[in-house]
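One structure is given here, and the rest of the page talks about it.
The values are calculated or read from the model by the stated rules, or taken from the named source; none is laboratory data. Given the structure is predicted, the values throughout are model-derived calculations rather than measurements. A quick note on method: Cβ atoms are made from the backbone with ideal geometry, for glycine too, and the neighbour counts reach across all protein chains shown. Note: areas computed on protein heavy atoms with side chains; ligands, DNA, RNA excluded. Shrake-Rupley method; radii C 1.70, N 1.55, O 1.52, S 1.80 Å.
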Amino acid sequence: MSASMSSDETVRAVDYSRVFNQAIDRLHAEGRYRVFIDILRNKGMFPNARCFAGHNGPKPITVWCSNDYLAMGQHPAVIAAMEEALHDVGAGSGGTRNIGGNTHYHIDLESELADLHGKEGALLFTSGYVSNEATLATLAKVLPGCIIFSDELNHASMIAGIRNSGCEKRVFRHNDVAHLEELLAEADPQAPKLIAFESVYSMDADIAPIAAICDLADKYNALTYLDEVHAVGMYGARGGGISERDGVADRLNIIEGTLGKAFGVMGGYIAADRTIIDVIRSYAPGFIFTTSLSPVLVAGALASVRHLKASSAEREGQQAAAAKLKAMFRDAGLPVMDSTTHIVPLMVGDPVKAKRVSDILLAEYGVYVQPINFPTVPRGTERLRFTPGPAHDEIMMRELTDALVEIWGRLEMRRAA
C-alpha cells in the first residue's frame, strides 16, 4: 500500500465494462436504442430495396424515410458521371485539398454551387455535419467577442460548431422573430453578431421566416448563416433552396448545404463571398486536415446539381407525392403533423410505440421507416418521418396508409379526431 494512502483506504479499479453496459442499458430502458437496418437499394428502382433480416436471405421492401428525396442517387446521369470519373482518375482523391486532394472536379463543383446560390465562391466539405461544425466554429474564432444567435431547433452539427467556437451564444425560440430581436437588442451593439438558423426544419417540417430574420440582421449589423440542407435541390427554380424560392439569397452572408440529400450523393458545402470562403479555407481544421471527397463522388454530385438546375420535374413530382400522402393520412384519421414542406411527420409521442410501429411495418408489411426519438426530437414528441418522393406511387401510399391504420388499431393507439 502506498505511504500516501491511509490504512482504511482501498484501491477500487474502475469497472469500465459495467459503465459502458449501463449506458447501453439506459437506452434500451428508455426505448430509444437505435437499430440500423441492413439493406441494399435496387439500382434504378427506388424506392424498392432489399432487407437482410434473419437467415432466409433478402426480402423486398419499400423505403419511406430516405433523405435521397428526389432519387438522384439512382439517376442515370449521376451514375454515368461517377463511372466515367472512376475510370478516368481512379477511386480516391489522394489526400487533403492542400496535399494532392484538390482535383478539377472539386473546382468545377464549387463553381456550380456558388452559381446556384448567387455567391462569389463555395467550399466543399466531406459532409453537411462537417461544413456546419467547421464553419461556425471558425467564424466565431476569427471574430473576437462574437455572439451567435441560434434557433433552438438547429441541427446538432450547428450546435456543435457553436459550442466548439467558445463564443457567447443566445438561443431564440423556434422561428420566433420577436424573441430574436429581444436578444439582439440586449446585446452589446459593438459586438460582432451572427444569426444561425435553418430554412426547412426536418423534424417539424416547417420553414424559417428568412426575410424577417434578414431584416433584423440589417438592423443590428449581424451576419446571417442559413442551413439549407433539407431544401437545396428541392425548392427554387434551379434548386437553390427556400432562399432562392423566396428571393432572399442575396441577403444572406453564408448559405450551407449538403450533397447527400436531394442531390443524392455525399458531401457538404458553404457558399459566400470570396473573402469568407478564403477565411474558412485557410483557418478551419475540419477542412484543412481531412482527406477531400473522392472525385468519383464529386463527379456524381456535379452531374446532379447541373441536372436539377435545369429540371423541375423531380421537384414537382416530390411535392405532389408529399401532398397526396398528407391528405391520405389526414383522411384516415392518422396524427399527421401540420407541414408546408416535403416532409410528412406522423406523431406517436412514445419511443417504445414508435419503435413497435416501425418494427411491425418492416416485418409484416415490407415498409421501412425509422422511428425518430430523443435527442433528435424532444422526449414525448417521438414520431415516424416519411419522405415520399416522385417514385412513390398512389398504390404504395394506399398500402402504407392501410397498414398504419391497422397497426394503430392493433396497438390501441389514439388517432386524430
Within the stretch 397-417, residues being under 25 Å from the mean Cα position of the chain (by Cα) and surrounded by fewer than 19 Cβ atoms within 10 Å (Cβ to Cβ) number 0
What number goes with the only condition from (1) touching a Phe, Trp or Tyr at 6+ places or on another chain (Cβ under 6 Å); (2) surrounded by fewer than 15 Cβ atoms within 10 Å (Cβ to Cβ); (3) hydrophobic (A, V, I, L, M, F, W, C) that ILE107 does not pass?
(1)
GLY264 fails exactly one of the following numbered conditions: (1) open to solvent by 30 Å² or more (accessible area, probe 1.4 Å); (2) under 19 Å from PRO390 (Cα atoms). What is the number of that condition?
(1)
Only listed residue being polar (S, T, N, Q), under 16 Å from LYS261 (Cα atoms) and open to solvent by less than 20 Å² (accessible area, probe 1.4 Å), chosen from SER93, SER131
SER131
Which members of the stretch 379-390 meet the condition of being in a loop (DSSP other than H, G, I, E, B) and under 21 Å from the mean Cα position of the chain (by Cα)?
ARG379, THR381, GLU382, THR387, PRO388, GLY389, PRO390
Conditions first: (1) modelled with pLDDT under 95; (2) touching a His at 6+ places or on another chain (Cβ under 6 Å). VAL298 passes all but one, so which condition is the exception?
(1)
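Evaluate the following for SER66: is it surrounded by 13 or more Cβ atoms within 10 Å (Cβ to Cβ), among the polar types (S, T, N, Q) and within 20 Å of the chain's Cα centre (by Cα)?
Numbers: surrounded by 13 or more Cβ atoms within 10 Å (Cβ to Cβ): yes; among the polar types (S, T, N, Q): yes; within 20 Å of the chain's Cα centre (by Cα): yes.
The answer is yes for SER66.
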Please indicate, with yes or no, whether at least one residue in the stretch 333-351 is open to solvent by 20 Å² or more (accessible area, probe 1.4 Å) and more than 23 Å from HIS155 (Cα to Cα).
yes
Taking ARG379 and the conditions (1) modelled with pLDDT of 95 or more; (2) open to solvent by 20 Å² or more (accessible area, probe 1.4 Å); (3) among the basic types (Lys, Arg), which numbered condition does it fall short on, given that it satisfies the others?
(1)
Within the stretch 271-328, track down each residue that is of a type in the set (Asp, Glu), under 30 Å from GLU394 (Cα atoms) and open to solvent by 60 Å² or more (accessible area, probe 1.4 Å).
GLU316
